[in-house]
Every structure is written in C-alpha cells, then in structure tokens.
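Readers should treat all values here as calculations from the given coordinates under stated rules, not as data from a laboratory. As the structure is a prediction and not an experimental result, all values here were calculated from the model. Note that each Cβ is placed from the backbone with ideal geometry, even for glycine, and that neighbours are counted across all protein chains shown.
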Amino acid sequence: MSDMDQSIPVIAIDGPSASGKGTVAALVARALGFHYLDSGAIYRVTAYAAQQAGVALEDEPGLVELAHKIALRFDGVEVYLNGAAVGDVIRTEEAGRAASRIAALPALRAALLQRQRDFRQTPGLVTDGRDMGSVVFPDATVKIFLTASAEERAQRRYKQLIDKGFDANLAALLQDLRERDARDAARSSAPLRQTADAELLDTTSLTIAQAVERVLQWFQVAKTRP
C-alpha cells in the first residue's frame, strides 16, 4: 500500500459469524459517509461463482483463477457479481458453509488480499470480517472485535432467515455456528482472533444503535491520537 493509502482512515470490525458485525459496520459507514466492505461477502460470492462455474470447492488453483476473474461491486449492503445482484443468494446457510470452507485455503486468501485492500478509498472505509484488523488492514485507525454469545447469535440468525422467508432450525443453526467458530479459529491462514490492539465489543445485551454509537465513539478517540 502507498503512503496515500495509509493516510485513509479504516475502521476494521472483526468477529465470529452472525455476531452482527455486518449490520453495525454498514451503519457506521453510512453515519460517517465512508465506503463499506463486507469481506465475508467476497468469499461467499467466490464460492457461489465456483458452484455456478462447476469449480470444486477443494480445487484451490481453480478457485484462485476464478477469484482473479470475477467482477465484484458493493452498493451499500447489496452485492453484485458480474453485474447481477446476488445479495440474497449468498446469504443462505449453505453459502455461508461454502464460504467458510474456501476461506481456509491459503492461496485463495492471498489472491483476494489485494482486492480487499483496493476498497480503501477516500474519505474512508469501514470493513468487517475475520482478519480485517490482523491481516488485511493491520494499520487500521481503530480495530474492533465484535462478538456475542453463540446462543444470541443463533437467535439473531434464525430471526433473519425467518424474516426473509427461509426455513430455519434454531438447534441446527447453533450447532453450525459453533462448528464454524471452531473452524475459523483453528485454520492455519489468518485465524479468527482478537488482536491485542482491538477493542472488545460484546453485543449480547446491546441494541444495534448502542453498538454503532460505541464504534463511533472509539473512532473519534482514535482520530485524536498522534
């Protein structure tokens, strides 16, 4: 990254699946007039594109080649793959599991690294994922590890799916979240972890508005640091 890139503020919000980090990040970005990057969507889109193209999720070289070809664009929280809106398609539990599988592949993570960094544009960027503060933007203005209990996250995910008209089973969602947490934390490449310089934000008993306000406060404090 250039010096100019590093002068552009970044708020990096990491955390486990269904913690609410995407919702909080998007609202923080809107409040500040910043760009928004849902890094998890990049892996979801790549997995979806692979399935559409007949590329196996274990075919690391094929996935890397595909990752370099796809056209990806964000418009708020909507995601476009090669010009087509795929936001709803990539938010299913099946898509989440596929994304978690390919996210463990080191060569694919390396291939997508610069694509993520390219979203760092003026006036600033808010991004969420698993390794935004630890790997992708280690010099982020403020780093936040946003989490909630597994039970609370399963409840939130269940409500989200039901509201969108999808079938859902709460017990299965909870089991899937726990397995995904373990997989994300144990992977050899960019495991999910709270960095020493990240603020911990447990949203188990917070509203979305309260979580957003906390992030904005931390950002204002971070901007005053030399």
Burial ranking of peptide ranges 91-102, 196-207, 140-151, 17-28 (average Cβ count within 10 Å, highest at the top): 17-28, 140-151, 91-102, 196-207
The chain - charge dipole about Cα centre, Lys and Arg +1 at Cβ, Asp and Glu -1, debye rounded to 20: 200
Taking residue 21 as the anchor, which lysines have their alpha carbon closer than 23 Å to its alpha carbon, excluding any fewer than eight residues away along the same chain? 143, 159, 164, 223
Computed over the range 9-219, the Cα gyration tensor eigenvalues, each multiplied by 5 and square-rooted, give semi-axes in Å (largest first) of 24, 21, 17
Please give the Cα centre distance for the range 67-104 versus the range 158-196, rounded to the nearest Å. 17
For Cα pairs less than 8 Å apart in space and 6+ apart in sequence, what is the mean separation divided by the residue count of the chain, i.e. the relative contact order in percent? 32
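To the nearest 0.05, what FRET efficiency results for residue 160 and residue 71 with a Förster distance of 41 Å applied to their C-beta separation?
That gives a FRET efficiency of 0.90.
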Spin-label zone in the range 38-74 - amide nitrogen under 17 Å from a point set 7 Å from the Cα of residue 117 along the C-beta vector: 39, 68
Can you give the extra length, in nm with one decimal, that the chain gains between residue 101 and residue 193 once fully stretched, where that is 0.36 nm per residue apart less the Cα-Cα distance? 31.4 nm
Which shape class applies to the range 165-226: rounded if a/c is under 1.5, otherwise prolate when a/b exceeds b/c and oblate if not, where a ≥ b ≥ c are the square roots of the Cα gyration tensor eigenvalues? oblate
Can you list the equivalent-ellipsoid semi-axes of the range 93-163, largest first and in whole Å, using the square root of 5 times each Cα gyration tensor eigenvalue? 25, 18, 12
